[in-house]
Structures are given as C-alpha cells and as structure tokens.
Amino acid sequence: MNLSSPSTSTSSHPLAPYGWDEEWERAFAPYGAQGLVPGRVVRVDRGLCDLATPDGVIRADTEYVVPRDPMKVVCTGDWAAVDAEGARPRYVRTLLPRRTAFVRSTSSKRSEGQILAANVDHAVVAVSLAVELDLARIERFLALAWESGAQPVVVLTKADLVPDAVTRSYLVQDVGTTAPGVPVLTVSAQDGEGLDVLAAIVSGGTSVLLGQSGAGKSTLANALLGEDVMDVQATRDVDGKGRHTTTTRNLLLMPGGGVLIDTPGLRGVGLWDAGTGVGQVFSEIQDLAENCRFHDCAHEGEPGCAVLDAIATGELPQRRLDSYRKLLRENQYIVAKTDARLRAELRKDWKRKGAIGKAAMEAKRGRLR
Ligand SMILES: Nc1nc2c(ncn2[C@@H]2O[C@H](COP(=O)(O)OP(=O)(O)OP(=O)(O)O)[C@@H](O)[C@H]2O)c(=O)[nH]1
Ligand SMILES: [Mg+2]
Ligand SMILES: [Zn+2]
C-alpha cells in the first residue's frame, strides 16, 4: 500500500466522515494556499452558519458571501473555504462549486430559485402512509430530485398505521407506478420496519430528507442516529398537515457512515427549471412516445399515437398523462418567467451603464467647456 497516495490522505482526513474526498481536496487547494480552512456547512442561521472543520464544528459569518443570486447563498451541505482559527469573526470566504443542488422555486411572484440542500447523493422523499396519498405531490418532489442530480428514493413512513396488508400493497403499488426507476421503501420508526434498508442507503454519501411537515422526517433521522437529536412533535390537525417542528436544515453524521440532512417540512414545492427531471419522472411516457408514428406527436389525437393507445388499453393511467402535461406546462411557465426576469434585469443593467456613460460624457463636455 502506498501511504502517500491521496486517497489515503483524504480517507484519514478529519472531514472524511463528512464526505471530504480527493475532488474536494483539489477544488479547495487554491484556498488552502491562501491560509483558509475547509468546512462543510451543517446549519445556516440568519447570516451565520455552523461548519464542520478540521478543528471541530465552528460558527462562521456568511456576510462575506452574500450574493445577489439566491442560488449562490450558503446552504446546508455546501463545502466552503473559511478563515483559519484566530480570525474574529471567521468569515465564509467562498463556496466550492456544488456537485448537486436541490432547488425549488419560491412561491413568491418573484419566482426565484431556493436551494434546499447542496452536494446531495440521495434525495429521500418522505411520504406519510397515515394520510391520503397525493401522487401529484410525489411526482413534483421527484422531478426536483432528479433535476438536482441526486438519486431519488421514496420512503413511505408510519407503515405501522396501515396494518391491513392489502391496503398497504395497493398504496405501495400506486407510488411505484408514479416513480419509475425510484426505489420505494416502506418504513416505520415505531416498530423499526425497513430502517435497515434506509440505513444502508444513507450510509453512502449525503442524503437529504424532504417532504411535508409531519411526514416523520425527524423521527426517522433520530431512529437512524439511534439518538434523539431532532425535535419531534405530534401532528396537530386531523388532516395530518401538522405544524412545522423542524425550522432549520441540519446535517447529521450517521453512526454507520454517511451524512443525513433533515429539513423543515414543505407544504409543496414549485418546479424550478426541472424539464429534465419531469422527463425522468414520466420516463414510461417518454418510452411510449418513441413508438408514436410522428416524431413530434403531442399525444392529442394524432393517428398512430402509442401514448393514447396505452391509455386505451389501461397500460398508462390517464392521471399520469394529465400530471405530466401539467408539470411540463408549469415548468415552461417558470422558465419563461425567469427568462423574462433575467432579460428585464439585463435591460436595467444596460440602462444603468448607459446612464453612467452619458453622465461621464456630460462631465467630460463640462470640463471641456
Ligand atoms: N405511528 C407512527 N408515528 C410516527 C412515525 N414516525 C413519526 N411519527 C409521528 O409523526 C409525528 C411527526 O413526526 P416528525 O418526525 O416531527 O415529522 P417531520 O416530518 O420531521 O415534521 P417537520 O419537522 O414539521 O417537517 C410525530 O408525532 C411522530 O411521533 C411512525 O413510524 N409511526
Ligand atoms: Mg422535523
Ligand atoms: Zn403520441
């Protein structure tokens, strides 16, 4: 064994449990040369964040990297270059380029992207079996998960509340057809069912728990940790919507390796430039479409349409096609809106530059006069 090989040095690195590897080491090298230290963001809290660094978890100021672009805001899971020990305050100086990022659009009219987790390998969508399944919502989460670059996983929680085996298998089947290419697990934190499978997934790389408030994300995080670190609260209302118990995104080190990010519940997620993700969620429709007679078939009644044929035979549920169309439309809308906003911003910039140019010209003229 070559002890000086980089893989040996990164696997014995104090940040190795947080996912530090040769690639991060390479990306960080120029900042190390400037005397900065590397760190992984474990929590963000209004202008401050906690980072795991070689000298333990520290608090740093994020003010130095406040960008105009919300996509570049410091987020849990980010790798950063931070001031070395002794500086007061210690600033996050820069973020290393993200490998993956889970982004949704904010519900506001401004329609900006909001990063929910960075550098994630598995996007675990928690869905409670204790409330009525909302397949459209699962599809939406999965579109964003695929788009993030992470591997999506659906975890059906609170299985103990569905003791009836027939109902259970129907629910699992429904979700399965909604999520082609996505592992669907059934778990119960109450009686431990399925936790070993989830623990195995989570042990490799970084996972983020996403889903509605009350889905049982923090309960799962605690069960996987073997320790009550995250607060858990009973869902208040009967419809299971609950209140938001978790309010920050927290990165937790798993005892069996890997890291897990627990996030606050989301009522819904707006698509954010997720065209590819939508395609992946509805991959069976895209597969069918390859057999449509016309290359640009809109599946709206054209002859030889394989998609409509599949609906006629019952192979493809009408709900899936409707949902696919709806998400495609929504995505096109958000993309167009963002482009419009970017264009407006560019125009503003251009005008401002023009104004500066004019002022400079006038000043010059004034001087000449
Ligand atoms: N019966 C049963 N209840 C569960 C299970 N998992 C979680 N719960 C309950 O569901 C409620 C909500 O759990 P949390 O873990 O706080 O949910 P959360 O998804 O973290 O919610 P937010 O932090 O608000 O997003 C609590 O009362 C838990 O005890 C389970 O496997 N079985
Ligand atoms: Mg929680
Ligand atoms: Zn067609």
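The values are calculated or read from the model by the stated rules, or taken from the named source; none is laboratory data. What you see is a predicted model, and the numbers here were worked out from it, not measured in a lab. FYI the Cβ positions are ideal-geometry reconstructions off the backbone, even for glycines, and counts take in every protein chain you see. The protein model used for the area step is the full one, side chains on, heavy atoms only, and it has no ligands, DNA or RNA in it. Shrake-Rupley method; radii C 1.70, N 1.55, O 1.52, S 1.80 Å.
Which of the residues belonging to the stretch 108-147 are small (Gly, Ala, Ser) and open to solvent by less than 10 Å² (accessible area, probe 1.4 Å)?
Keep residues of the stretch 108-147 that are small (Gly, Ala, Ser), which gives 108, 111, 113, 117-118, 123, 126, 128, 130, 136, 143, 145.
Passing the criteria: Ser111, Gly113, Ala117, Ala118, Ala123, Ala126, Ala143, Ala145.
Would you check if Leu252 is closer than 23 Å to Leu51 by Cα, in contact with an Asp or Glu (Cβ under 9 Å, 6 or more places away or on another chain) and more than 10 Å from ligand 1 (Cβ to nearest atom)? It would help to see each step written out before you state the result.
Numbers: closer than 23 Å to Leu51 by Cα: yes; in contact with an Asp or Glu (Cβ under 9 Å, 6 or more places away or on another chain): yes; more than 10 Å from ligand 1 (Cβ to nearest atom): yes.
Yes: the conditions hold for Leu252.
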query: Do you know which of the residues in the stretch 271-302 that are within 12 Å of ligand 3 (Cβ to nearest atom) and touching a Lys or Arg at 6+ places or on another chain (Cβ under 8 Å) is least open to solvent (accessible area, probe 1.4 Å)?
result: Ile285
query: Out of Asp69, Asp78, which single residue is outside the structural domain of Thr247 (by TED's automatic domain parsing) and open to solvent by less than 20 Å² (accessible area, probe 1.4 Å)?
result: Asp78
- line: Out of (1) modelled with pLDDT of 95 or more; (2) under 28 Å from Val202 (Cα atoms), the one Gly35 does not meet is (2)
query: Inside the stretch 149-170, can you point out the residues that are under 25 Å from the mean Cα position of the chain (by Cα) and within 21 Å of Ser213 (Cα to Cα)?
result: Pro152, Val153, Val154, Val155, Leu156, Thr157, Lys158, Ala159
task: Would you check which residues across the stretch 303-320 are more than 26 Å from Asp134 (Cβ to Cβ), open to solvent by less than 60 Å² (accessible area, probe 1.4 Å) and assigned to a loop (DSSP other than H, G, I, E, B) and list them?
output: Gly304, Cys305
- prompt: Quick check: anything in the stretch 214-234 within 15 Å of ligand 1 (Cβ to nearest atom), of a type in the set (Ser, Thr, Tyr) and either at pLDDT 90 or above or open to solvent by less than 20 Å² (accessible area, probe 1.4 Å) (or both)?
  reply: yes
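Hey, among Leu133, Leu195, Leu129, which residue is assigned by TED's automatic domain parsing to the domain that holds Ala118 and out of contact with any strand residue (DSSP E or B) (no Cβ under 9 Å at 6 or more places or on another chain)? Full working, then the answer.
Working: Leu133 fails: out of contact with any strand residue (DSSP E or B) (no Cβ under 9 Å at 6 or more places or on another chain); Leu129 fails: out of contact with any strand residue (DSSP E or B) (no Cβ under 9 Å at 6 or more places or on another chain).
That would be Leu195, the only listed residue that is assigned by TED's automatic domain parsing to the domain that holds Ala118 and out of contact with any strand residue (DSSP E or B) (no Cβ under 9 Å at 6 or more places or on another chain).
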- line: Result of the Cβ filter at 8 Å on the stretch 251-277, keeping first residues that are in a strand (DSSP E or B) and partners that are within 16 Å of ligand 3 (Cβ to nearest atom), at least 6 apart or interchain, is none
field: Residue list for the stretch 113-141, restricted to those being under 10 Å from the mean Cα position of the chain (by Cα) and not β-branched (Val, Ile, Thr)
entry: Gln114, Leu116, Ala117, Ala118, Asn119, Asp121, His122, Ala123, Phe141
